[in-house]
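See structure below.
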Amino acid sequence: MTFSFTGIDHIQVAGPKGCEEEAKRFYSGILGLKELPKPENLRARGGCWFQCGDQEIHVGIEEEFSPAKKAHPGLLVHNLLSLKQTLEEHHIPIKEEPPIQGRIRIHVSDPFGNRLEFLEFLNK
């Protein structure tokens, strides 16, 4: 039997115990992602979920939390300049990155120190 991959359903970043409200303020309040209800059988674990295009971002609780400073999701954005302005208005430090293969990009850290990359394809 042959199989093939068809895409990514979700990515997960970790956060410390009790981080849910701060995660909601950042991912939903600042980035504008829609919060998704967690399935009932997973709610006791804590964390929260957000819609990101056709995929999801899950913030999971990690007891011995350590932020991902190198590993990161690359999130596609329409109008990266507008996102940068929003991040600046909320005093979120932005690291400019050199463009690669027709993409402009920046890195930021979420409230827990996890690295996030935002990219926009040029001429698309």
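Bear in mind that the values in this text are calculations on the coordinates, not laboratory data. Just so you know, these numbers come straight off a predicted model, no measurement behind them. As a convention, Cβ positions derive from the backbone with ideal geometry for all residues, glycine included, and neighbour counts pool all protein chains shown.
Annotations for the structure displayed:
- Label-point separation in nm, F65 to K24, each point 7 Å along Cα→Cβ: 1.6 nm
- Neighbours of E22, meaning other residues whose beta-carbon lies under 15 angstrom from its beta-carbon, give a summed charge of -2 when Lys and Arg score +1 and Asp and Glu score -1.
- With at most 10 other Cβ atoms within 10 Å, longest stretch of the chain clear of loop chymotrypsin sites (Phe, Trp or Tyr not before Pro) (DSSP): 6-124
- For N123 and L81, the difference between the fully extended length at 0.36 nm per residue and the C-alpha to C-alpha distance is 13.6 nm.
- Annotation for F5 and I94: the two label points, set 7 Å from Cα along the Cα-Cβ direction, are 3.0 nm apart.
- Helix-only [θ]222 nm of the chain, DSSP H runs n ≥ 4, -39500 (n - 2.57) each, per residue, nearest 500: -3000 deg cm²/dmol
- Qualifying GluC sites (Glu not before Pro) for the range 1-107 [loop in DSSP, other Cβ within 10 Å: at most 16]: E63, E64
- DSSP-defined antiparallel bridges as percent of all bridges, the range 34-124, nearest 5: 85 percent
- Annotation note: trypsin sites (Lys or Arg not before Pro) in the range 62-117 located in DSSP loop regions with a Cβ neighbour count of at most 14 within 10 Å are K69, K70.
- From the Kirkwood radius over Cα pairs of the chain, Stokes-Einstein at 25 °C and 0.890 mPa s returns a whole-number translational diffusion coefficient of 158 µm²/s.
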